[in-house]
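Heads up, the thing below is written out as structure tokens.
The numbers here are math on the coordinates, done by the rules we state, and not lab data. From a predicted model like this one, the values you see are computed outputs, not experimental measurements. In this analysis, Cβ positions are derived from the backbone assuming ideal geometry, glycine residues included, and neighbour counts consider all displayed protein chains.
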Amino acid sequence: MGGKHCLAGELWLDQQLLRTMENASSLKQKVSEIFDLLRDRVYRYLFRILGDPGEAEDLTQEGFLRLYICLHKGQVVKNVRAWIFRVAHNLAINQQKRNVPLDPVDPDVLDLNKDLSPNAEQKALAKEKHKRLQAYLVRLSVQERQCLELRAEGLCYREIAKVMGMHSPTVVSFLGRVIRNIVREIHD
């Protein structure tokens, strides 16, 4: 049921974005509404990539500024969500080139430490699974991690491929392998 709910949410978002692109009376209103719809998703993606809230906030704003400039020049953006994530992705890569490489994923960011287990044994098992997951996520390549994070933000394989500058089958292969390995890592 969760997959259907997620899909419905993504369809709603795409409809809102399309409606905004078609109906907003001014360019400023159009970009403001798109910003309201996508800001949190873009910020979360950039924060997970960069690990720095200030940099993530700056690059989020820079991405939407570039959208404004692009539209102001009269360029057509057919898929706003994929376009803004592509720009955010490229900004993050450029920022990483200026800074140090990616740090391991902070467990507090992913919020995987939630205690859902009622007894001590289940808590210990959950903690061990979490440690294995974190160890696996650290071993992912930058591309694999970014594909996974974009998928977590609700982008479809085609959109991820566009953002990452890859072919869709490559994204499917990356994510399939990563997900299979995560399941194996956690349940072994």
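Of the two radii for segment 2-98, the radius of gyration is 0.99 times the Kirkwood radius, both from the alpha carbons; that is the Rg over Rh value.
Using 0.36 nm per residue and subtracting the Cα-Cα separation, the extra length available between TYR68 and SER168 on full extension is 33.2 nm. Kindly flag which residue pairs out of LYS97/LYS131; LYS97/LYS127; LYS73/LYS162; LYS97/LYS162 have an alpha-carbon separation exceeding 27 Å in this structure. From the list (LYS97/LYS131; LYS97/LYS127; LYS73/LYS162; LYS97/LYS162), the Cα-Cα distance tops 27 Å for LYS97/LYS131; LYS97/LYS127.
The slack between SER26 and ARG98, meaning 0.36 nm per residue of separation minus the straight C-alpha distance, is 22.3 nm.
The calculated FRET efficiency for the pair ARG177 and ASN90, based on their C-beta separation and a Förster distance of 22 Å, comes to about 0.35.
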